[in-house]
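Working notes, structure below.
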Amino acid sequence: MGSNVKRFDPQFSLVSSEQHFAQRVVLVAGGAGFIGSNLCRRLLSQGNRVICVDNLETGRLSNIGALMSEPDFRFFLHDIVEPFSIKGQLDRIYNLACPASPPKYQKDPIHTFQTSVMGALNLLELASKKGARVLQSSTSEVYGDPDVSPQNEEYRGLVNTMGPRSCYDEGKRAAETLFHDMHVTRGVDVRVARIFNTYGPRMDPEDGRVISNFIVQALKGEPMTIYGTGEQTRSFCYIDDMLEGLMALMECETCGAVPVNLGNPGEFTMNELSRLVQKMIPGHGGAVYCDLPKDDPRQRRPDITRARTLLNWAPQVSLRAGLVPTVTYFSKELELSQEQAGSGNVINLLAGGGAA
């Protein structure tokens, strides 16, 4: 984290305005990340006051830069592994704080596990003190490399406890246990969302997941990296659909602590996704096949019966439709990155830093 990052007061001033008393105060942990920053925008647009907490390990200030001047937005630079408090009103807590892509969460597996477990416990303690409802962003990875398809919430998973993905998979499973036990023993009002692959604008171009990888590689004219035979499957949910699902789950009064799958049940092989991206980006460099990483799941497809029943929710955006704004977003991100790199080279040359 750079020393020039401003640390904002995490709470709102106490005011007598009836309007402010009527507004909900919502904390979004991991709010500078992909899903978190989009959620902050949606919550603000609905009249909430939003506190974004992020350590910027994988979150990006550029995702929330436009929100910094909003009177109903606060940013708190903090790692939720460490306990913290918020003064004043707090009504809702969304826990989205944890690296979600394998290259990111495998970089520091111990900290990933700490974020999933200790971070969850700190947010649960905060929710207990404030009487706030707290939503845990769990993951389809709790199902491991499943031997059933589609995966419903009753399936207990097939997870390796000692592999490269274990820090994330088992960390999220442990967090679900904490949410369940804090609900049962201390009455904390909890919600648990099992999020399947999500994509869309504000993803990090270096995120390391398949959609960002394929699009960025294709835009650069590089071959798309396909692991194994490419016949493993994933299901992809557009960000707008995911936000609708998360917010519906948070406000559901009948679902209690049971986990709810949120994802798009459309299932695609990596080969199918590659061909779709190739059609959308004519300057692509084809595809190249590499060895399959250890413990890479063979299939992912959510059973969303529970979400349909409890939340009246189902995704509306097809993969093809969602990829259009996503490709546009990544194209602009790469253009900006190239402009910044070019400016840096010019400055380097002017300063006498050209290569010999």
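The values are calculated or read from the model by the stated rules, or taken from the named source; none is laboratory data. Every value quoted in this text rests on a predicted model; they were computed, and no experiment measured them. In this analysis, Cβ positions are derived from the backbone assuming ideal geometry, glycine residues included, and neighbour counts consider all displayed protein chains. The accessibility values were calculated without ligands, DNA or RNA, using every heavy atom of the protein model including side chains. Shrake-Rupley method; radii C 1.70, N 1.55, O 1.52, S 1.80 Å.
Structure above, values below:
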| quantity | calculated |
| --- | --- |
| Flag if Val288 is touching a residue at least 40 places away in the same chain (Cβ under 8 Å), closer than 21 Å to Arg209 by Cβ, surrounded by fewer than 16 Cβ atoms within 10 Å (Cβ to Cβ) and out of contact with any strand residue (DSSP E or B) (no Cβ under 8 Å at 6 or more places or on another chain) | no |
| Some residue of the range 225-237 being crowded, with 20+ Cβ neighbours inside 10 Å, among the charged types (D, E, K, R) and in a strand (DSSP E or B) | yes |
| Unmet criterion (only one of (1) touching a Cys at 6+ places or on another chain (Cβ under 8 Å); (2) surrounded by 20 or more Cβ atoms within 10 Å (Cβ to Cβ); (3) not basic (Lys, Arg)) for Ala218 | (1) |
| The range 34-47, residues that are under 21 Å from Ile86 (Cα atoms) and surrounded by 23 or more Cβ atoms within 10 Å (Cβ to Cβ) | Gly36, Ser37, Leu39, Cys40, Leu43 |
| Helices (runs of 4 or more DSSP H) fully within the range 47-145 counting 1 or more residues that are touching a Lys or Arg at 6+ places or on another chain (Cβ under 6 Å) and under 26 Å from Phe330 (Cα atoms) | 61-64 |
| Checklist (1) at pLDDT 95 or above; (2) closer than 24 Å to Val134 by Cβ; (3) in contact with a Leu (Cβ under 8 Å, 6 or more places away or on another chain) applied to Gly263, failing item | (3) |
| Residue satisfying all of: in the range 197-215; among the small types (Gly, Ala, Ser) and buried (at least 20 other Cβ atoms within 10 Å of the Cβ); nearest to Ile304 (Cα to Cα) among these | Gly200 |
| Residue within the range 82-94 that is at positive phi and at pLDDT 95 or above present | no |
| Answer from Pro109, Pro102, Pro71 - the residue that is touching a residue at least 40 places away in the same chain (Cβ under 8 Å), surrounded by fewer than 23 Cβ atoms within 10 Å (Cβ to Cβ) and more than 15 Å from the chain's Cα centre (by Cα) | Pro109 |
| Boolean, Glu57 is loosely packed, with under 14 Cβ neighbours inside 10 Å and within 22 Å of His111 (Cβ to Cβ) | no |
| Residues that are out of contact with any Gly (no Cβ under 8 Å at 6 or more places or on another chain), open to solvent by less than 20 Å² (accessible area, probe 1.4 Å) and assigned to a helix (DSSP H, G or I), drawn from the range 243-275 | Leu243, Gly245, Leu246, Leu249, Met250, Leu273 |
| Within the range 132-145, tally of residues that are surrounded by fewer than 24 Cβ atoms within 10 Å (Cβ to Cβ) and either among the acidic types (Asp, Glu) or without any contact (Cβ under 8 Å) to a residue 12 or more places away in the chain (or both) | 1 |
| Filter result (open to solvent by less than 60 Å² (accessible area, probe 1.4 Å) and assigned to a loop (DSSP other than H, G, I, E, B)) within the range 161-186 | Gly163, Pro164, Arg165 |
| Subset tally (residues that are open to solvent by 30 Å² or more (accessible area, probe 1.4 Å), part of a helix (DSSP H, G or I) and polar (S, T, N, Q)) for the range 296-347 | 9 |
| Qualifying residue in the range 136-153 (condition: in contact with a helix residue (DSSP H, G or I) (Cβ under 7 Å, 6 or more places away or on another chain) and either farther than 21 Å from Leu262 by Cβ or of a type in the set (Phe, Trp, Tyr) (or both)) | no |
